[in-house]
1. Quick one: 3J(HN,Hα) in Hz for region 178-191, Karplus 6.51/-1.76/1.60 with θ = phi - 60°, rounded, Gly and Pro as x.
2. Give me the aspartates and glutamates in straight-line cross-link reach of K93: C-alpha distance below 19 Å, same-chain residues under 8 apart excluded.
3. Of K107/K184; K107/K143; K92/K184; K143/K173; K92/K207, which ones are farther than 24 Å apart at the Cα?
4. Would you list which aspartates and glutamates come within 17 Å of K115, measuring only between C-alpha atoms, while excluding same-chain residues fewer than 8 positions from it?
5. Starting from the Cα coordinates of region 93-202, work out the convex hull volume and express it per residue in Å³.
Amino acid sequence: MVISAFTPAAGAHPGRTDSNGGHYCRTNCEKWGLEYGEYHYHNGGSSSSKGSSSSKAANKAKSSGSKAKSKPSKSKSSNKAKSNANSKAAPKKPVPQQLNISVLLNKESVQLPSKPVRHEGQVLLPLIDTLSAFDIPYTITDKSVHIQLDDRTVIIPIQHNELNIQVDGQAVKLSTPMIIYGGKLMVPLQLFRDALPCTLEWNETMKQLSVTL
């Protein structure tokens with residue numbers, strides 16, 4: 001009796017195999033549950049080439065996602081730059097402008113040691129220089145200028161942006177604040193009109209101030 005030792009290969013499609021017992025699928029691959037070009041063994045095993053390619057695709061997708069998330073940081077930097085630009089565009093405060101004027105005291109020309117200024121549309125005179133030029137006596141006490149003239153007492157605080165003075169013990173409010181400019185107290189013409197027994201005339205065209213004491 002002759003017994004054949006043939007054992008069929010289960011779960012494999014026909015085709016030649018290499019020395020490792022496997023080969024690449026070329027025909028009818030879907031019938032055996034394989035992809036075209038997939039390397040497999042006839043004993044049911046398969047290569048890991050398919051899995052490795054999937055892993056590479058997943059890693060590439062993660063890398064692309066991380067790059068997309070990093071873009072908003074550029075937008076935040078741009079917004080900060082715009083905010084800084086807006087803060088620098090704040091309006092500037094008006095700056096006093098020096099004036100070249102002529103001054104007449106009792107119709108005679110008088111030279112002031114320092115120049116008057118125009119500030120917020122008003123003419124301001126250097127107080128101490130003007131008092132000296134007009135020969136009006138004064139003293140400085142407790143950060144205030146004290147004037148005594150013809151039984152009239154005037155107290156003028158030496159303070160920037162101050163509006164209030166005292167005339168014979170009564171508070172007088174100026175319409176234009178006094179300022180300190182170039183280390184000197186500059187006062188509006190109104191102060192001389194309200195505080196001193198004098199008359200003033202300002203000629204805007206000629207830039208001339210006439211004072212009568």
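Just so it is clear, none of the values below were taken in a lab; they were calculated from the coordinates. As the structure is a computational prediction, the values presented were derived from the model and not from experiment.
1. With coefficients 6.51, -1.76 and 1.60, one gets 6, 9, 9, 9, x, x, 10, 7, 9, 10, x, 4, 4, 4 Hz.
2. E120, E162
3. Details: K107/K184 26 Å; K107/K143 33 Å; K92/K184 22 Å; K143/K173 18 Å; K92/K207 27 Å.
Correct reply: K107/K184; K107/K143; K92/K207.
4. List returned: D129, E204.
5. Details: hull volume 11.5 nm³, N = 110.
Spread over its residues, the Cα hull of region 93-202 gives 105 Å³ apiece.
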